Amino acid sequence: MDEELRIKGKRRLEWAETHMKVLNEIGGRLVRDNAFEGAKVGMALHVEAKTGMLAVWLARAGAEVRLASCNPLSTDDSVALSLKEDYGIKVYAKKWENKEEYYGNLASVLEMRPDYVIDDGADLITILHTSRRDLLPNIKGANEETTTGVIRLRAMAKEGNLNFPVISVNDAQMKHLFDNRYGTGQSTFDGWMNATNLLVAGKVLVVAGYGWCGRGIAMRAKGLGANVIVTEVDPVRAIEARMDGYRVMPMIEAARQADIIISATGCKDIITREHLEVIKDGCVMGNSGHFDNEISKTALSEMGAMPKRVREFVDEYRLPDGRRIFLIAEGRLMNLAAGQGHPVEIMDMSFAIQALSLEHLVKDHSKLENKVYEVPRELDEEVARLALETMGSKIDVLTPVQRRYLDDWQEGT
Ligand code: ADE
């Protein structure tokens, strides 16, 4: 065992624990209630320190836990090692997994025959509905962490193909308003700085997609001094981007001007051959969306450009006409593959929602149908109240007169 690596991971986990005050508070209560006694929880999340603390709290509250990564590049090996050695968590993940290893690790999680699943991107849930249908009768419910996963699961539910209830953790306000926006906003540039050590100020930076993640990336890019262009397919979001002060145009026009392109759409084929034909020499591209299909590596290879690693997390692709294009982290989630993921305080709130949603599933799964459910409003509010407390902020409370005023439609001004 690599002792130095283990100590590094342990320190990262302890640092996360120190700053995950909401999860600690909720976790303490779950432990006192022995909330997950006997529950088998299979998890596929990004294996890094904050996720580690979620797994540890679930185990402390009585769950048997297995954890794999939901992305072949996002594992922090030091944390994976410490989770196994210091916390007794069964972890199946390493950085730079190939496809076989990735799916092998998801299979190892499923070997525990879980009752509950916590997924990020819905790969584990998809496997349960395809090659491991034999395990479906065991599953009482699942939580899904991210936009991309929720989109897949809603499509499954719409076709009547979902075989257990799923809580859309992503749709909780205390998740997407902060994790997707401020989390992705900051962690994308953590990945950028770590991968490239290049300047953002003064560059033309194209953000593809103006959902919550794109909004966060554009906001932080502007703050770093970039000249930001947003590309969108949704006209309402496009207007929002304009009014937030960005230029808006189709990707084919944006690509001609871009020094940096960051995609965060959750859709595929954002950068394809037609865009690569016009991109400037030296353009650096990265993806903050869940899957590595936003920037087409197939198009690059079809154009005769092969990857050459020029930094730890950067590949150079030289096109036949001599233009060089740089791709961060193989087009996978740049904020986790090249950075340390979202800030601790952000994942504190997201994983507090995860823990409470799991408790909800454990208590109420028998009342739920095979549908995608929103996180109950009171769980969102509980996390909001606790988070506000940890920030040392207080807010006003409605007086009885104000409450009556809001409830009474007959009362005028
Ligand atoms: N850390 C753990 N899970 C994460 C996620 N989904 N996004 C960013 N950072 C994370």
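The values are calculated or read from the model by the stated rules, or taken from the named source; none is laboratory data. Please read all numbers here as calculations on a predicted model, not as lab measurements. Every residue, glycine as well, gets a Cβ built from its backbone with ideal geometry; the counts of neighbours run over all protein chains shown. The accessibility values were calculated without ligands, DNA or RNA, using every heavy atom of the protein model including side chains. Shrake-Rupley method; radii C 1.70, N 1.55, O 1.52, S 1.80 Å.
Data overview
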{"read-out": "Qualifying residue in region 169-176 (condition: outside any loop (DSSP other than H, G, I, E, B), of a type outside the set (A, V, I, L, M) and farther than 30 Å from VAL362 by Cβ)", "value": "no"}
{"read-out": "Among the candidates MET174, MET243, residue that is open to solvent by less than 50 Å² (accessible area, probe 1.4 Å), at pLDDT 95 or above and of a type outside the set (S, T, N, Q)", "value": "MET174"}
{"read-out": "From GLU101, GLU145, GLU159, GLU111, residue being open to solvent by less than 70 Å² (accessible area, probe 1.4 Å) and either over 26 Å from LEU23 (Cβ atoms) or of a type in the set (Lys, Arg) (or both)", "value": "GLU101"}
{"read-out": "Residue among GLY392, GLY304 that is in a loop (DSSP other than H, G, I, E, B) and within 20 Å of ILE26 (Cα to Cα)", "value": "GLY392"}
{"read-out": "Members of region 235-264 that are under 24 Å from the mean Cα position of the chain (by Cα) and of a type in the set (Gly, Ala, Ser)", "value": "ALA238, ALA241, SER263, ALA264"}
{"read-out": "Subset tally (residues that are free of Cβ contacts under 8 Å to residues at least 24 places away in the same chain and open to solvent by less than 100 Å² (accessible area, probe 1.4 Å)) for region 388-404", "value": "8"}
{"read-out": "Which numbered condition ARG152 fails, given (1) within 20 Å of GLY266 (Cα to Cα); (2) at pLDDT 95 or above; (3) open to solvent by 50 Å² or more (accessible area, probe 1.4 Å); (4) not aliphatic (A, V, I, L, M)", "value": "(2)"}
{"read-out": "In region 325-355, residue most open to solvent (accessible area, probe 1.4 Å) [restricted to those that are part of a loop (DSSP other than H, G, I, E, B) and closer than 30 Å to ARG29 by Cα]", "value": "GLN340"}
{"read-out": "Matching helices (runs of 4 or more DSSP H) fully within region 1-84 where at least 3 residues are surrounded by 20 or more Cβ atoms within 10 Å (Cβ to Cβ), touching a residue at least 12 places away in the same chain (Cβ under 8 Å) and within 14 Å of the ligand (Cβ to nearest atom)", "value": "3-19, 49-60"}
{"read-out": "Residues of region 129-156 satisfying the condition of being more than 16 Å from the ligand (Cβ to nearest atom) and under 30 Å from ALA387 (Cβ atoms)", "value": "LYS140, GLY141, ARG154"}
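Here is a yes/no grid of residues against (1) more than 29 Å from SER168 (Cβ to Cβ); (2) away from the ligand (no atom under 16 Å from the Cβ); (3) over 23 Å from the mean Cα position of the chain (by Cα):
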residue	(1), (2), (3)
PHE326	yes, yes, yes
GLU330	no, yes, no
LEU333	no, no, no
ALA337	no, no, no
GLU345	no, no, no
MET349	no, no, no
ALA352	no, no, no
LEU406	no, yes, yes
GLN410	yes, yes, yes
